[in-house]
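Quick note: the coordinates plus some simple rules give every number you see, no bench work behind them. Source: prediction; values computed, not measured. A quick note on method: Cβ atoms are made from the backbone with ideal geometry, for glycine too, and the neighbour counts reach across all protein chains shown.
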Amino acid sequence: MADWDAKAYERISDPQFRWGLRVLERLPLRGDETVVDQGCGAGRLTEVLLDRLPRGRVVALDASEAMLETARSRLGRFGDRVSFVRADVARWVAPAPVDAVFSTATYHWVKDHDALFASLARSLRPGGLLVAQCGAAGNLSRIRSRAAALRARPEYAQFFHGFAEPWTYASVDETRARLSRAGFSTADVSTELAPTSFDSAASYREFVAKVVLRDDLSRLPDEATRTRYLAAVVESAERDDPPLTLDYIRLNVDAKR
């Protein structure tokens, strides 16, 4: 997978930040817990989480060194109440059991959800909480279909041999079953529609390039080819009703170890 442009993500990730604030509201905290923020990204939500833990600490975990570097800069004021770990969330296990795991806009980037939930169960203390949100089955179906059609075109197909989408968009039933197998005693799993519109073709193009189609674009050989590929996606989105809208579907998970 292509690495993230962390500075750009910090600037354009308002949709993920808004969703994440609502997810964070679902996490009950006294203020002295140890919480893992899985997929901390640039640290915008980690900062809010730390403010809710005046006597606690956070482990900020991400697979991207670029994201962690940006998060370190943002969260320096919290001193040793936050630590940073670069790891694969599907394999990482906390060295000592933690009180809660919080995650937004991350788990759909993990291919193996059985391994993910098993590692989560091993990281949490008995009674520990998992509060998370990620992309659900059917997420971004319109732009994914358009990208698949583009990848099949003769002028692009040569660059996509062996390409596979980098996501796992799971259903409610699949997720409940995986949580049960991993050892979670209770789980509330649901989906919600979260269509996200952009106010200009330029803002839509940048978001799609930096977030949704960054793996597609990393396969293309030069800037001119990437520009043509993106232009085709944007032109189609401008004809939608409403225009320039991404059809996000979110998967909400609240579970107890």
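What the table shows:
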{"quantity": "Column: log10 I(q)/I(0), Debye, Cα scatterers of the chain, q = 0.07, 0.12 Å⁻¹", "calculated": "-0.25, -0.72"}
{"quantity": "Cβ-Cβ FRET estimate between Arg181 and Arg151, R0 fixed at 30 Å, reported to 0.05", "calculated": "0.30"}
{"quantity": "Kirkwood-Stokes translational diffusion coefficient of segment 7-78, alpha-carbon pairs, 25 °C, 0.890 mPa s, µm²/s", "calculated": "198"}
{"quantity": "Spatially proximal lysines relative to Lys256 (Cα-Cα < 29 Å; intrachain offsets below 8 disregarded)", "calculated": "Lys111"}
{"quantity": "Estimated 222 nm signal from helices in the chain, with DSSP H stretches of n ≥ 4 weighted -39500 (n - 2.57), rounded to 500", "calculated": "-11500 deg cm²/dmol"}
{"quantity": "Burial ordering of His161, His108, fewest other beta-carbon atoms within 10 Å first", "calculated": "His161, His108"}
{"quantity": "Residues in segment 1-33 that a label on Ser73 would reach, taking backbone N under 20 Å of a point 7 Å out along Cα→Cβ", "calculated": "3-14, 17"}
{"quantity": "Distance in nm between pseudo-label sites at Ala224 and Lys111 (7 Å out along the Cβ direction from Cα)", "calculated": "3.4"}
{"quantity": "Among Arg146, Arg205, Arg57, residue whose mean-square fluctuation peaks in a GNM of the chain (springs only between Cα atoms under 10 Å)", "calculated": "Arg146"}
{"quantity": "Counted charge near Ala177, where neighbours are those whose Cβ lies closer than 15 Å (Asp, Glu -1; Lys, Arg +1)", "calculated": "-2"}
{"quantity": "The chain, relative contact order in percent, only Cα pairs under 8 angstrom and at least six apart counted", "calculated": "21"}
{"quantity": "Residue exposure sequence - Asp199, Asp62, Asp215 - by fewest surrounding Cβ within 10 Å", "calculated": "Asp199, Asp215, Asp62"}
{"quantity": "Spacing of the two label points (7 Å from each Cα toward its C-beta) at Lys7 and Asp32, in nm", "calculated": "4.2"}
{"quantity": "Simple spin-label estimate for Ala231 and Asp51 in nanometres, 7 Å along Cα-Cβ", "calculated": "4.3"}
{"quantity": "Paired Rg and Dmax values of segment 145-202, which use every Cα atom, in angstrom", "calculated": "18.1, 51"}
{"quantity": "Ordering of 180-187, 26-33 by burial proxy (mean other Cβ atoms within 10 Å per residue, highest first)", "calculated": "180-187, 26-33"}
